[in-house]
Amino acid sequence: MSLLHQESPGELDDAARGESFTKGSSHLVWASIAAAVVVTIAIAIYVIAGEKPPVATGEVLEIWAHPMHSVTPAFDANGSGVSQESFDQVLVFTRVRLHNQSKQPLFLHQIMTNVTLNDGTVDTSFAATASQYERIFLAYPSMAQWRSTPLASELTLEPGQTAEGTFVSSYRMTKEQWDARKALDFTFAFRYQPEVKIVATGAVIDR
């Protein structure tokens, strides 16, 4: 091919059409991106605007723990000798205040204490019932000085009502494992409603 070769008019028209097509495609791409951004922003606004506040608010008033090393009895109920077992446990007492900020009654049916251990695993313990709470102080009279009004694990909160009380959860772990925990929080499950979670931020007292 000669260096002085000139393109024919037909070749020029094809090149021009290719360049025009490329420009048109670029405009379509940018228009699609802009439309996608607008749709994303609209969805985000809709989701944020549609979010509802939690049905209840909660406040942790006090947390105290009682580490224990227990040994099972050497005799059973009939007086026969049995092998003894020892184990460690930690009783976690939490006093909270719950407030119903919705316009309908709330039915609390479950309370969970969640401990994040040093290895990152989460150990969950269900709160004892009010009657079990009372039996603890009968079994361990030395703890009676710290007894307070229990919070029922099944409780009805009327709109605008506030309830306050203490619940206890038990963990089979040593004091060292308890002290090495990374986090502590509480989950309150209401029937037909989203769960309410409260994170413990204050100090935990050992007693």
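The values are calculated or read from the model by the stated rules, or taken from the named source; none is laboratory data. Here the structure is a predicted model, which is why all the values come from computation and not from measurement. Don't worry about glycine lacking a Cβ; one is built from the backbone with ideal geometry, like all the others, and counts go over all protein chains shown.
Data table
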| quantity | calculated |
| --- | --- |
| Qualifying position, being modelled with pLDDT under 55 and either surrounded by 10 or more Cβ atoms within 10 Å (Cβ to Cβ) or hydrophobic (A, V, I, L, M, F, W, C) (or both), among Val55, Val39 | Val39 |
| Qualifying positions in region 147-172 - over 26 Å from Ser102 (Cβ atoms) and out of contact with any strand residue (DSSP E or B) (no Cβ under 6 Å at 6 or more places or on another chain) | Arg147 |
| Pair list, Cβ < 8 Å and 6+ apart or interchain, from region 160-176 residues that are in contact (Cβ under 8 Å) with a residue 40 or more places away in the chain to residues that are in a helix (DSSP H, G or I) | Thr166/Tyr133; Phe167/Tyr133; Val168/Gln132; Val168/Tyr133; Val168/Ile136; Tyr171/Trp178 |
